[in-house]
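I have placed the structure first, in the form of structure tokens, so that the comments after it can refer back to it.
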Amino acid sequence: MIQLQTFNSRDAERMKKELQAVEGEIADAEIERNKYEEKCWDLDRALALKFKELEELAKECNKAVRKLKLGSDYQYVLNAKGSTPVEVMGIDYKSTLKPALDSHANDINKSSVEKLEELIILQQQSKKTAARIEEKRNRVVQLHSRVDDVST
């Protein structure tokens, strides 16, 4: 039936222009797609670099946690397929590691206060001992001067 239809030249020209417009839009879309693909490659490279940096930081953090002796169950293990920070880092810092660090900091503060109190007590004892030594020196000087007076 289509073959029986007649086309006038205006319709043919209009369809030709529409076809050229569609072809132009396709070419523009391909250019944009290529730009987006290039941006995707750039982002992939940047993400790979950042992930390597995160791996190094995770190793350093794990070493620090071992030095602090917080326990062996605290360790960052990176997951490249994670979609949230907790999934990527392997542990939830706020609910797992932060309380342990806070507890460790409190222990250090308590220990520091105890050491300071001990230092104050030792300083007081040192002052008392120094005063006694000074008294005994004075006494020895007095005794020497008496001995010198008696011998002369």
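The values are calculated or read from the model by the stated rules, or taken from the named source; none is laboratory data. Given the structure is predicted, the values throughout are model-derived calculations rather than measurements. With ideal geometry, Cβ positions are generated from the backbone for all residues, glycine too; neighbour counts draw on all protein chains shown. Surface areas here come from the heavy atoms of the whole protein model, side chains and all, with no ligands, DNA or RNA. Shrake-Rupley method; radii C 1.70, N 1.55, O 1.52, S 1.80 Å.
Computed values, structure above
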quantity: Test: residue in segment 36-44 that is farther than 30 Å from ILE108 by Cβ, assigned to a loop (DSSP other than H, G, I, E, B), open to solvent by 60 Å² or more (accessible area, probe 1.4 Å) and of a type in the set (A, V, I, L, M); calculated: no
quantity: Candidates VAL147, VAL77, VAL86, VAL141, filtered to the one that is within 30 Å of LEU49 (Cβ to Cβ), open to solvent by 60 Å² or more (accessible area, probe 1.4 Å), in a helix (DSSP H, G or I) and of a type in the set (A, V, I, L, M, F, W, C); calculated: VAL86
